[in-house]
Structure formats: structure tokens, C-alpha cells
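Encoded as C-alpha cells, the structure appears first; notes follow it.
Each reported figure results from applying straightforward, stated rules to the coordinates on display, with no laboratory input. Source: prediction; values computed, not measured. Cβ placement follows ideal geometry from the backbone for every residue including glycine, while neighbour counts extend to all protein chains displayed.
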């Protein structure tokens, strides 16, 4: 077994420096209580959390979801703009200072979307996708 005398010596020299210095008879200074929200008293935190937890409404969320998903809204389309304006208005109604910022970006849009599968002999097995349709869905 190889001893590491330098590491042991270093540990012995640094160990006393890591211990807190206490003078005989003098009490250690008391640390100020932490000022983390809710750390010492959870009543204020609980009251605020209760206010926020009372806000969600499943029926209202469902109505918003129906409006936001009523039509496809790919990026940079007029429907996408309508979605952004709807959300921004809801934020304004909630008292938030809101603005929509437009950006010019390069956005590739395919002209044709097609998937084809062939067998080993090169015969077409399937092609797609077919247009999705749900009866009664505009």
C-alpha cells in the first residue's frame, strides 16, 4: 500500500482553518433568518397559491382550445396571425401589457408532401399521405 504523506499533511494543516473560531465564553453570532418567500411563514404563500389555483376553469380552457384549434395555423399564415391576435387580446384582457412582434425569417414550406414505399423489385407498395378528414370537421 502506497501512502500519500503530502495529502495527509495538507489535510492536517487545513482542517483547523475549516473549523469555526469560537472564543471561550462568547456566543457565536446568530445568523439572520432567511428571507426566502414562504420559508418561515407559509400563510402568505398559501394565500397567493390559493388565488392562482382558483383561476383555472376546465370549461373555459376547453372553449379557448376549440377557438385556437378551429383551423390549421401553420407559421406565417393568416390563420397563425389570427391565433396570435386572439392570445394577445386574452393577455390584454387579463391586464398584461402585450404586443405582437413580427420577425422576418426564412421558412421553407414544401410544395408537395409525399411518401412512397417500394418493394425490392421496385414496385410501388403504397403512397401517401392521404388527406386527413374527420366527418363533420370543417
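See the values below:
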read-out	value
Value in Å of the Kirkwood radius, where the range 39-138 supplies the Cα pairs that are averaged	19.0
Inverse of mean 1/r across different Cα pairs in the range 94-138, Kirkwood, Å	16.0
Peptide ranges 76-82, 113-119 listed from the most packed, as the mean C-beta count within 10 angstrom indicates	76-82, 113-119
